[in-house]
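What follows is a single structure, written as structure tokens, with notes after it.
The values are calculated or read from the model by the stated rules, or taken from the named source; none is laboratory data. Since this is a predicted model, take the numbers as computed values, not measurements. Glycine also receives a Cβ, built like all others from the backbone with ideal geometry; neighbour counts cover every protein chain displayed. Side chains included, ligands, DNA and RNA excluded: accessible areas come from the protein's heavy atoms. Shrake-Rupley method; radii C 1.70, N 1.55, O 1.52, S 1.80 Å.
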Amino acid sequence: HVVGQHELRREQAPERETWRVRAHRALRQGDAQEFLHHYRRVKALVESPTHRRAIAAIAKAWIQDRSATHDKTVIASEPEEVRKLNRAIQRERVKRFGVSLGGVIMPNGEKIRTGDRVRFAKNSKFMGIDAGDMGKVLSVARSVKNPWRKKVLVRVEGKRRLGILPKVVTIDTKRYKNLTLGYALLPGQVHAKAKSVLVLLNPDRASRESVLHQVTRAEKRTKLFSVKSDHVKDVDLLAQSLAATQQKILAHELEQQQKQSNSMKMTA
């Protein structure tokens, strides 16, 4: 949990989705070309001409997915990609459902609206919230005592009050400033599986282990989005990036490297 890890284990899937098991098995074995072939064959890989269009395609796919908000998750490898995806999905919600233009602007610059999925980025003992908790905004209203301050009512996912009722917290935006949009997350922020997962592939940050971790976060549906893959001398550059492995340096290996480095400095 501290240094980060990816565990490669055998995956179980419904009989009708055996293609997904075969695809992920191929990626475990380093055959990224076969992995992409399976996703392309069932049209679960959307390739867009530009990065901006890939983000727009994810936002539309999120809206078209009829699953509940907490049942669908978007994963991206870069914080800037996560920020752009969150805003794109929020804009698509406003366009599609006519969400009220009201809301509150948080200190980080994000605008939180009614109906948004949000993420708590900091612990709060007072509210009983842990960093990483997710929730849905029920309402945004002005404080009765101070009209210049706003209160955000959030239903917290996976937590109950008295073990029965859904846990609902009232956030004073002047006291708790670490509320962010939670439609899209970084891989390390995804702690539980979702029914539907949309993944933005980033060839510059891709590795076999990281991509496998992302695509296996879904219980039912996984869809990949990427900029259209280039081919150089019949070599698929996206597949080449996904096939790269990310080796972790263990503590005793790092200690040995430091000893060797110090020994060379003393000799010099």
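Within the set of pairs 6 or more residues apart or between chains, which connect a residue that is within 14 Å of Gln240 (Cα to Cα) inside region 190-216 to a residue that is open to solvent by 50 Å² or more (accessible area, probe 1.4 Å) and assigned to a helix (DSSP H, G or I) with Cβ atoms less than 7 Å apart? From residues that are within 14 Å of Gln240 (Cα to Cα), the pairs are Pro203/Leu237. Considering only residues in region 188-209 that are within 12 Å of the chain's Cα centre (by Cα) and over 20 Å from Gln90 (Cα atoms), the one that is least open to solvent (accessible area, probe 1.4 Å) turns out to be Leu201.
For region 177-186, indicate whether the set of residues that are open to solvent by 10 Å² or more (accessible area, probe 1.4 Å), closer than 30 Å to Ala244 by Cβ and part of a loop (DSSP other than H, G, I, E, B) is non-empty. Checked region 177-186: at least one residue is open to solvent by 10 Å² or more (accessible area, probe 1.4 Å), closer than 30 Å to Ala244 by Cβ and part of a loop (DSSP other than H, G, I, E, B). Residues of region 65-80 that are among the polar types (S, T, N, Q) and touching a helix residue (DSSP H, G or I) at 6+ places or on another chain (Cβ under 9 Å): Ser77 alone. Candidates in region 45-85 are the residues that are basic (Lys, Arg) and either touching a His at 6+ places or on another chain (Cβ under 8 Å) or over 16 Å from Glu110 (Cβ atoms) (or both); of these, the one that is surrounded by the fewest Cβ atoms within 10 Å (Cβ to Cβ) is Arg66.
A single entry from Lys136, Lys150 fulfils the requirement of being over 14 Å from the mean Cα position of the chain (by Cα) and free of Cβ contacts under 8 Å to residues at least 60 places away in the same chain: Lys150. Of the residues making up region 210-268, those that are at pLDDT 60 or above, more than 17 Å from Arg28 (Cα to Cα), open to solvent by less than 80 Å² (accessible area, probe 1.4 Å) and in a helix (DSSP H, G or I) number 3.
The set of residues from region 23-47 being closer than 15 Å to Val199 by Cα and either in contact with a strand residue (DSSP E or B) (Cβ under 6 Å, 6 or more places away or on another chain) or free of Cβ contacts under 8 Å to residues at least 12 places away in the same chain (or both) comprises Tyr39, Arg40, Lys43, Ala44, Leu45, Val46, Glu47. Any residue in region 153-171 that is under 30 Å from Arg52 (Cα atoms), more than 22 Å from the chain's Cα centre (by Cα), open to solvent by 60 Å² or more (accessible area, probe 1.4 Å) and small (Gly, Ala, Ser)? So far as region 153-171 goes, no, none of its residues is under 30 Å from Arg52 (Cα atoms), more than 22 Å from the chain's Cα centre (by Cα), open to solvent by 60 Å² or more (accessible area, probe 1.4 Å) and small (Gly, Ala, Ser). For Leu162, are the conditions met, namely being closer than 30 Å to Gln64 by Cβ and either at pLDDT 85 or above or out of contact with any helix residue (DSSP H, G or I) (no Cβ under 8 Å at 6 or more places or on another chain) (or both)? For Leu162, the condition - closer than 30 Å to Gln64 by Cβ and either at pLDDT 85 or above or out of contact with any helix residue (DSSP H, G or I) (no Cβ under 8 Å at 6 or more places or on another chain) (or both) - is not met. Ala121 meets the conditions (1) more than 16 Å from the chain's Cα centre (by Cα); (2) aliphatic (A, V, I, L, M); (3) surrounded by 13 or more Cβ atoms within 10 Å (Cβ to Cβ) in every case but one. The failed one is (1).
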